[in-house]
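What follows is a single structure, written as C-alpha cells, with notes after it.
The values are calculated or read from the model by the stated rules, or taken from the named source; none is laboratory data. Fair warning: this is a prediction, and the values are worked out from it, not measured in the lab. When we count neighbours, we look across all protein chains shown, and the Cβ atoms used for this are built from the backbone with ideal geometry, even at glycine.
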Amino acid sequence: MKIEKELIKMYMAAAAAVIGERTPGEAVYDDAVVAAMNEGLSIQDALARAGQEHPEEAMTVTEEDLPDLRARYEYLQEHARLMGLIKKRKLR
C-alpha cells in the first residue's frame with residue numbers, strides 16, 4: 001500500500017508538470033474538450049464544441065497547432081481516466 005501511494009504521488013507530480021497551471025476557466029474548457037473527445041469527436045470538433053460552450057476560453061487554432069493540441073488533449077483524456085481509477089481505488 002505504501003508503494004502504491006508513492007507511485008500515485010510520483011504520477012501526480014509528473015502530471016502537474018505536464019499539464020501546468022490552469023485557471024478554473026481553462027480547466028473547465030479542457031474538461032469540455034476531453035468530454036467531446038470521449039464521445040468520439042475529432043480534436044477539431046471537440047475544440048469547436050468546447051469553444052461554443054465556453055467562448056471566453058475558446059482558442060484560435062491553426063492546422064499547425066492541431067498535432068500538439070491533439071497530443072495535449074489525449075494526455076488529458078488519459079489523465080482523467082487514470083484519476084477515475086485512482087478515485088475508485090481510494091473508495092475501497
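Could you count how many residues in the range 59-75 are under 23 Å from Ala17 (Cα atoms) and either of a type in the set (Gly, Ala, Ser) or without any contact (Cβ under 8 Å) to a residue 40 or more places away in the chain (or both)?
10
Take the residues of the range 75-92 that are surrounded by 12 or more Cβ atoms within 10 Å (Cβ to Cβ) and not charged (D, E, K, R): which is farthest from Ala32 (Cα to Cα)?
Ile86
Under 8 Å between Cβ atoms, which residue pairs at least 6 apart in sequence (or on different chains) link something in the range 76-92 that is assigned to a helix (DSSP H, G or I) with a partner that is of a type in the set (A, V, I, L, M, F, W, C) and at pLDDT below 95?
Final answer for the pair search is Ile86/Ile8.
Can you report the number of residues in the range 9-41 which are touching a helix residue (DSSP H, G or I) at 6+ places or on another chain (Cβ under 6 Å) and at pLDDT below 95?
Residues flagged as touching a helix residue (DSSP H, G or I) at 6+ places or on another chain (Cβ under 6 Å) and at pLDDT below 95 within the range 9-41 amount to 0.
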